[in-house]
Amino acid sequence: MTAVALWIALTSLARAETLAATVEQWGLLGSWAIDCAARPDRDKGARLTYEIRKDGRVMYRRNFGDATDENEVVSATVNTEGLLNVMVYFPSLQQTREFGLLLSEQGSLRAIYNRSERGEYTIRDGKYVKTGGPTPLQQRCD
């Protein structure tokens, strides 16, 4: 293995370990839903799961009841206010989306923003752009 190949492999491994540590320490791992007792549903609430694979990658799975997908978390950072900024690559959309999540003292999760790589928001300041309604609290299901 050349020195460059070794450096690339070690850099990728360090990034994966840092990413996994960030989401684990922040408290993101596990399954989340508006109502954990309800079946996942596109309109009434999906089941969202964050997990660390054996290879160190952090994955984001969405279960809408009638459809599921799995996407890789490519970065996660925590800002000074405790907001977790997550970037996820969605192969089906051929784009990376960034969203900010806030964990309450009671342990519920809330989306504060969600935007495309072009800066188009679907959620801004904890409200859906389309309706102006607040994003719901999600509870840990496991």
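Of everything in the stretch 15-63 that is within 11 Å of the chain's Cα centre (by Cα) and outside any strand (DSSP E or B), the residue that is nearest to T77 (Cα to Cα) is V23.
Quickly run through the stretch 110-129 and pick out the residues that are within 20 Å of Y89 (Cβ to Cβ) and part of a strand (DSSP E or B).
Residues of the stretch 110-129 that are within 20 Å of Y89 (Cβ to Cβ), as a first pass: 111, 113-123.
Result: A111, Y113, N114, R115, S116, Y121, T122, I123.
Taking every residue in the stretch 63-81 that is closer than 15 Å to L93 by Cα and pairing it with any residue that is hydroxyl-bearing (S, T, Y) and exposed (fewer than 14 other Cβ atoms within 10 Å of the Cβ), at least 6 positions away or on another chain, the pairs with Cβ-Cβ distances below 7 Å are D69/S92. Selection over the stretch 88-142 of residues that are among the basic types (K, R), at pLDDT 95 or above and more than 15 Å from Y60 (Cα to Cα) gives a count of 5. Look at the stretch 111-138: where a residue is touching a residue at least 60 places away in the same chain (Cβ under 8 Å) and a partner is surrounded by 11 or more Cβ atoms within 10 Å (Cβ to Cβ) and outside any strand (DSSP E or B), sitting 6+ places away or on another chain with Cβ atoms under 8 Å, you get P136/I34; L137/I34; L137/S108; Q138/I34; Q138/S108.
Output the number of the condition that G100 fails; it satisfies all remaining conditions of (1) small (G, A, S); (2) free of Cβ contacts under 8 Å to residues at least 24 places away in the same chain; (3) at positive phi. Evaluating G100 over (1) small (G, A, S); (2) free of Cβ contacts under 8 Å to residues at least 24 places away in the same chain; (3) at positive phi leaves (3) as the failure.
Given the criteria among the small types (G, A, S), part of a strand (DSSP E or B) and at pLDDT 90 or above, does A76 qualify? So that I can check it myself, show each step before the final result.
On the way: among the small types (G, A, S): yes; part of a strand (DSSP E or B): yes; at pLDDT 90 or above: yes.
So A76 passes the test.
Regarding Q95, is this residue surrounded by fewer than 16 Cβ atoms within 10 Å (Cβ to Cβ) and farther than 19 Å from T22 by Cα? So Q95 fits the description; yes.
The values are calculated or read from the model by the stated rules, or taken from the named source; none is laboratory data. This structure is a prediction, so every number in the text was calculated from the model and none was measured. Every residue, glycine as well, gets a Cβ built from its backbone with ideal geometry; the counts of neighbours run over all protein chains shown.
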